[in-house]
Amino acid sequence: MINQHELLTTAARLLVDVHCVVVFTGAGVSAESGVGTFRDALTGLWSRFDPQQLASQEGFAADPGLVWRWYIERLTTIENARPNRGHEALAAMEKIIPEFVLVTQNVDDLHERAGNRHVLHLHGHIGRFRCNGCGAAYSLRAGDREALMPPCCTICTGYVRPAVVWFGEMLPEQELFEAWGAAERCDVMLVVGASGVVYPAAQLPAVAQRHGACIIEVNLEESALSELADITLIGPSGEILPRLLDAMYACEAKSAFR
Ligand code: BV8
Ligand code: ZN
């Protein structure tokens, strides 16, 4: 039975030896920053709602005020959160891997705040806003956060909404194109805190594997992507990723003395 230390060292050796690495993150990477994963984003008073309902045109049309308040509450949590040690490890990895592409399903900005410079957001940004009708970009004004209803667009009177991708909506073309291309050319894909149930984003690890990449997974538990993984490191990403980074530094130091 291979122990986790050996798995981690093997994973580190892989990440140090190759040229192109894609990191694919889901809500799990932000969990230790206190940002609920999509499944448990509905804790407490939200628990009686279905996130797939709230994060949709139908949900917004049915109750724009409820959806608006859900997003403002999530945005406030994210603004008060800090990147965790897992985010920081990924920012450090970007500095030592020749070609590093970070693709995230997350709508928070914790990767950027940890120092990653080029992040592909497949599901948008919770801190950005646009009109649901004509698409015009908006910034929050005084009072919008406390309002019971979303602001109205000054151009077409549509409701303003967060610039995230709702269920049934297309993913941003440019980001998806870049992410798909990176998955096709990478040597290793590191999948962190993703349940692998939301498509088409969840197809990326299979795309990478089909093109010959090794898949390394970091998750609290088995996920829908685990059967694709060559190495699965079970544990909180805020602990596993810093250990993986240290093992990468150790590999680099060793090869420097060869
Ligand atoms: C679309 C933004 C089509 C909003 C989100 C096949 C192909 C294409 C589409 C579909 C398809 N099958 C079904 C569909 C439809 C649908 C879909 O995938 N449904 C699922 C539920 C079956 N997909 C869509 O609707 C997509 N659009 O396909 O359009 C189209 C075609 C033509 C014309 C028009 C349209 C749009 C999907 C995007 C939805 N928006 N987010 C918001 O955030 O409010 S998705 C949202 O849920 C998140 O962004 C995230 O992507 C997803 C949840 O996934 P995770 O991030 O993995 O989070 P989750 O909570 O699930 O899991 C957390 C994981 O972390 C767990 O594994 C856990 O164990 C782990 N973890 C927890 N703590 C830690 C940890 N790991 C490590 N350390 C820890 N500490
Ligand atoms: Zn408008």
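The values are calculated or read from the model by the stated rules, or taken from the named source; none is laboratory data. For clarity, every value in this text was computed on a predicted model and none was experimentally measured. Backbone-built Cβ (ideal geometry, glycine too); neighbour counts: all protein chains shown. All accessible areas refer to the heavy atoms of the entire protein, side chains included, with ligands and DNA or RNA removed. Shrake-Rupley method; radii C 1.70, N 1.55, O 1.52, S 1.80 Å.
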For this session: Would you please list the contacts, defined by Cβ atoms under 6 Å and residues six or more apart or on different chains, that run from a residue in region 228-245 that is under 14 Å from Ala91 (Cα atoms) and at pLDDT 95 or above to a residue that is surrounded by 21 or more Cβ atoms within 10 Å (Cβ to Cβ) and of a type in the set (S, T, N, Q)?
Result: Gly238/Asn84
Seminar exercise, completed: The one condition Val207 fails out of (1) open to solvent by 10 Å² or more (accessible area, probe 1.4 Å); (2) β-branched (Val, Ile, Thr); (3) at pLDDT 95 or above; (4) within 16 Å of ligand 1 (Cβ to nearest atom) is (1)
Seminar exercise, completed: Output for Cβ contacts, cut-off 6 Å, separation at least six or different chains, first residue free of Cβ contacts under 8 Å to residues at least 40 places away in the same chain in region 67-80, second assigned to a helix (DSSP H, G or I), reads Trp70/Leu54
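Looking only at region 91-137, count every residue that is within 16 Å of ligand 2 (Cβ to nearest atom) and touching a strand residue (DSSP E or B) at 6+ places or on another chain (Cβ under 8 Å) and tell me the total. Outline the logic, then answer.
Going through region 91-137, the residues within 16 Å of ligand 2 (Cβ to nearest atom) turn out to be 128-137.
Next, only the ones that are touching a strand residue (DSSP E or B) at 6+ places or on another chain (Cβ under 8 Å) stay: 128-133, 136-137.
Of the residues in that region, 8 qualify.
Can you spot a residue in region 133-153 that is within 16 Å of ligand 1 (Cβ to nearest atom), open to solvent by 20 Å² or more (accessible area, probe 1.4 Å), within 27 Å of Glu178 (Cα to Cα) and part of a loop (DSSP other than H, G, I, E, B)?
First, the residues of region 133-153 that are within 16 Å of ligand 1 (Cβ to nearest atom): 135, 150.
The next check asks that each one be open to solvent by 20 Å² or more (accessible area, probe 1.4 Å); those that pass are 135.
Cutting the leftovers down to within 27 Å of Glu178 (Cα to Cα) gives us 135.
Those left that are additionally part of a loop (DSSP other than H, G, I, E, B): 135.
There is at least one residue in region 133-153 that is within 16 Å of ligand 1 (Cβ to nearest atom), open to solvent by 20 Å² or more (accessible area, probe 1.4 Å), within 27 Å of Glu178 (Cα to Cα) and part of a loop (DSSP other than H, G, I, E, B).
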Exercise. Among the listed residues Val29, Val23, which satisfies the condition of being within 11 Å of ligand 1 (Cβ to nearest atom), under 19 Å from the mean Cα position of the chain (by Cα) and closer than 21 Å to His118 by Cβ?
Worked result: Val29
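Checking the conditions here, which among Ser195, Ser226, Ser255 is more than 17 Å from Val23 (Cα to Cα) and either of a type outside the set (Val, Ile, Thr) or surrounded by fewer than 20 Cβ atoms within 10 Å (Cβ to Cβ) (or both)? Lay out the reasoning, then the answer.
On the way: Ser195 fails: more than 17 Å from Val23 (Cα to Cα); Ser226 fails: more than 17 Å from Val23 (Cα to Cα).
Ser255 is the lone residue from the list that is more than 17 Å from Val23 (Cα to Cα) and either of a type outside the set (Val, Ile, Thr) or surrounded by fewer than 20 Cβ atoms within 10 Å (Cβ to Cβ) (or both).
Do any helices (runs of 4 or more DSSP H) lying entirely in region 1-62 carry at least 1 residues that are at pLDDT 95 or above and open to solvent by 60 Å² or more (accessible area, probe 1.4 Å), and which ones are they? So that I can check it myself, show each step before the final result.
On the way: elements: 4-17, 51-54, 57-62.
Helices (runs of 4 or more DSSP H) meeting the threshold: 4-17, 57-62.
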Seminar exercise, completed: Matching residues in region 148-168 (more than 10 Å from ligand 2 (Cβ to nearest atom), touching a residue at least 24 places away in the same chain (Cβ under 8 Å) and out of contact with any helix residue (DSSP H, G or I) (no Cβ under 7 Å at 6 or more places or on another chain)) number 3
